[in-house]
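Below is one structure, written out as structure tokens; the observations come after it.
What follows is calculated from the coordinates using simple rules that are stated; it is not laboratory data. What you are looking at is a predicted structure, and each value in this text was computed from that prediction instead of being measured. Cβ: placed from backbone, ideal geometry, glycine included. Neighbour counts: every protein chain shown.
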Amino acid sequence: MEIRDHELIIVGAGPAGLCAALYAGRSEMGAVMLEAGLPGGQLLLTELVDDYPGVEEVGGQELADQMAGHAAKFGVEVERAHIEVLRRDEEGRFLAVAEGGKTYRAPAVIFTAGGTPRPLNVPGEAQFMGKGVSYCAICDGAFFRGEDIVVVGGGDAAVEEGEFLTRYGRSVTLIHRRDELRAAALLQRRFREHDKTRIVWNSVVTEITGDERGATGVVVKDVNTGDESEIAATGVFIFIGFTPNTGIIEEHVDHDGAGYLSTDRDMRTSVPGLFAAGDARSQLVRQITTAVGDATTAVFAAEKYLLNLREQKQ
Ligand SMILES: Cc1cc2nc3c(=O)[nH]c(=O)nc-3n(C[C@H](O)[C@H](O)[C@H](O)COP(=O)(O)OP(=O)(O)OC[C@H]3O[C@@H](n4cnc5c(N)ncnc54)[C@H](O)[C@@H]3O)c2cc1C
């Protein structure tokens, strides 16, 4: 088994990972950043960002490229690696084992693996994934130009992405299991005021229907009456939440009920040497600003940790 030694491992290259890489590179900490895909994380799913201070409007892809370029400027090592397991050896060092067995070892880790969209788990979802079923409006919205679109969910992502989809769809129907939305008031207003939108309240999707060409609609059940009806749609966009990508951590780490890692204010988890930042961390709000803020704190806390470790060994 090939093992590569580093002082610090950063898992994930979303905004949190890229910011951690920037500071770790700048401090010459001997870090490696491990990323399963392309740098940018969820920024690659985001069409436009208009709430990053100092940057009035920027495309998600463009911001991702800028962050990656900025981190690269400070010379941090970056590897394309899908980490399957993160564990500790008997000496307390972390081993990040990638697909294929390549292993990275370091006394400290900043975990910034973010989250992935939560599926509905209903019949038809897997069958029509990529053939009408989508979790990314920016990536797939344009395929449904002039067609009927259904959006499932009631939080910020559902409402924001639903409004975005009005630029392509003939109609956008939001299906929500409650009688009020969780989304921010401004997002709700923008969605409701659009003439292409409507909301189906107190309803859950029980099936996604389709034929050989792809999705044709959703079966919807009224949670109060139990009545079922079908809504025709060729695009079914699911925004019912994200699952944190924390399952690869073998050791027990304190976490909240949804699996997000608990930290103290210095981003330290319950495992010494393991720090968490960004969407993988238990916190009130998950944004680019909070991700980079967490990452900044995590790098300096990790640097202190490594310094103490070295002093203890001397
Ligand atoms: C559609 C959409 C629109 C949004 N709009 C905005 C907005 O306008 N403003 C805003 O502030 N926020 C917005 N957000 C939220 C924002 O994008 C996230 O809060 C932010 O990206 C979190 O950064 P992160 O680095 O913690 O995680 P992520 O962006 O999720 O990055 C995690 C990275 O880790 C990698 N990874 C995961 N598991 C592994 C593994 N096992 N091995 C190696 N790599 C791994 C992933 O590939 C990914 O690149 C939006 C999110 C979405 C989905």
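Can you put 294, 51 in order, fewest other beta carbons within 10 Å first?
51, 294
Classify segment 52-163 as rounded, prolate or oblate from the Cα gyration tensor: take a ≥ b ≥ c as the square roots of its eigenvalues, call it rounded if a/c is under 1.5, otherwise prolate when a/b beats b/c and oblate if not.
On the way: a/c = 2.65, a/b = 1.55, b/c = 1.71.
Oblate is the answer for segment 52-163, as a/c is 1.5 or above yet b/c matches or exceeds a/b.
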Within the under-9-Å Cβ sphere about residue 229, not counting residue 229, Lys/Arg +1 and Asp/Glu -1 give a net charge of -3
Under 23 Å from residue 313, Cα to Cα: lysines that are on another chain or at least 8 residues apart = 304
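Tell me, 310, 4 in order of fewest to most beta-carbon neighbours within 10 Å?
Ranked by crowding around the Cβ, least crowded first: 310, 4.
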Once amide hydrogens are built 1.01 Å from N within the peptide plane, the residues lying 5 or more places from residue 4 or on another chain with amide H under 5 Å from its amide H are 103, 104, 105
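Give the order of 304, 221 when sorted by the count of other beta carbons within 10 angstrom, beginning with the fewest.
Result, fewest neighbours first: 304, 221.
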Neighbourhood net charge (14 Å Cβ-Cβ; Lys/Arg +1, Asp/Glu -1) for residue 39 | -3
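Relative contact order for the chain using alpha-carbon pairs under 8 Å, separation at least 6, rounded to a whole percent?
Relative contact order of the chain: 19 percent.
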Crossing angle, helix 60-73 versus the chain [Cα axis fit, 0-90 degrees, rounded to tens] = 10
Mean projected area (nm²) of the alpha-carbon convex hull when the chain is viewed from all directions | 17.8
The chain: angle of helix 288-313 to the longest principal axis, Cα-based, in degrees nearest 10 | 20
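Quick check on segment 133-238: take the gyration tensor over C-alpha atoms, sort the square-rooted eigenvalues as a ≥ b ≥ c, and tell me if it's rounded (a/c under 1.5), prolate or oblate.
It comes out oblate by the Cα gyration axes.
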Dipole magnitude of segment 2-61 about its Cα centre, charges +1 at Lys/Arg Cβ and -1 at Asp/Glu Cβ only, in debye to the nearest 20?
-> 200
Local electrostatic count, residue 90, Cβ distance below 14 Å [Lys/Arg +1, Asp/Glu -1] | 0
The extension gain from residue 270 to residue 26, computed as 0.36 nm times the residue separation minus the Cα-Cα distance, is 85.1 nm
